[in-house]
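Some notes on the structure that comes next.
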Amino acid sequence: MLTALQVVAVAYLIGSIPFSFLVARAFGVHDVRRVGSGNVGATNVLRNAGKAAGVLALLLDLGKGAAASALAGRLAPGDEALPAAAAVAAVVGHMFPVWLRFEGGKGVATGLGAFAPLVPKAALAALLAFALVAAATRYVSLGSVAGGVALAASAFALRGPDPVAIAAALTFALVAFRHRSNLRRILGGRERRVGQAKE
């Protein structure tokens, strides 16, 4: 039987699978870190490798997050802390993947997938917040941060200060930290909007 530390390590490794990098390469982009925003995430894949590649990368990143937390839940039934820790570990793995010298993405899709099995209503609230803010502002980055806020706030509203809600808040903090340059560009009027042509 795996120990708690081993389960968290496995969750990190699952999260660190660089699907966006691999999908982009399969669709003709040699290294997605060297094009567009340089982010190893579905949005950058979409913009540089096409819609099909972007959707595939998104689904795979969602799936690996869900797989990490669901696996922890199956290995430790009744334990809320271990799946919550696994969810955060999967997000950290996506952001800092060992396979890409710790140059990863921003954790939005992986985080949504990781918390969907643990707190589905909060995950749905996060998805709705993302969609509404992104549609209203045409900033994917702002929608992502709004989704993180909604995830954490909804988790606390639904569950109180339990391990899953605390993990959701930590995930929001990580996502916001990874978007700090995007937020600076929004404030400076330099962030690229959805559908905006490259300069």
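Coordinate-derived values only; no laboratory data. Bear in mind that the values here come from a model prediction, so they are computed numbers and not experimental data. With ideal geometry, Cβ positions are generated from the backbone for all residues, glycine too; neighbour counts draw on all protein chains shown.
Suppose only helical runs count, i.e. DSSP H with n ≥ 4. What mean residue ellipticity at 222 nm does that imply for the chain under -39500 (n - 2.57) per run, divided by all residues and rounded to the nearest 500 deg cm²/dmol?
Numbers: 10 runs with 138 residues, N = 199.
It lands at -22500 deg cm²/dmol.
Take the alpha carbon atoms of segment 121-199, find their radius of gyration, then divide it by 2.2 N^0.38 Å using N residues; give the quotient.
Details: Rg = 13.6 Å, N = 79, 2.2 N^0.38 = 11.6 Å.
My calculation over the Cα atoms of segment 121-199 gives 1.18.
Choose one answer from 102, 19, 115: the residue with the largest mean-square fluctuation in a GNM of the chain with alpha-carbon springs under 10 Å.
Maximum fluctuation in the GNM of the chain, among the listed residues, is at 102.
Explain nothing, just compute: Karplus ³J(HN,Hα) = 6.51 cos²θ - 1.76 cosθ + 1.60, θ = phi - 60°, for every residue of segment 167-183 in order, whole Hz, x for Gly and Pro.
So the J values, rounded to whole Hz, are 5, 5, 5, 5, 5, 4, 4, 5, 5, 4, 4, 5, 9, 4, 5, 4, 5.
Put a dot 7 Å past each Cα toward the Cβ at residue 26 and residue 9; how far apart are the dots in nm?
Once both label points are built, they end up 2.9 nm from each other.
Along the charge dipole of the chain, which of 133, 109, 186 sits closest to the positive end, that is, farthest toward it, with unit charges on the beta carbon of Lys, Arg, Asp and Glu (+1, +1, -1, -1)?
186
Averaging over every viewing direction, what projected area does the convex hull of the Cα atoms of the chain cover, in nm²?
On the way: hull surface 43.3 nm².
Result: 10.8 nm².
In whole Hz, with x marking every Gly and Pro, tabulate ³J(HN,Hα) for segment 35-51 from phi via Karplus 6.51 cos²θ - 1.76 cosθ + 1.60, θ = phi - 60°.
10, x, 6, x, 7, 8, x, 5, 5, 5, 5, 4, 6, 10, 10, x, 5
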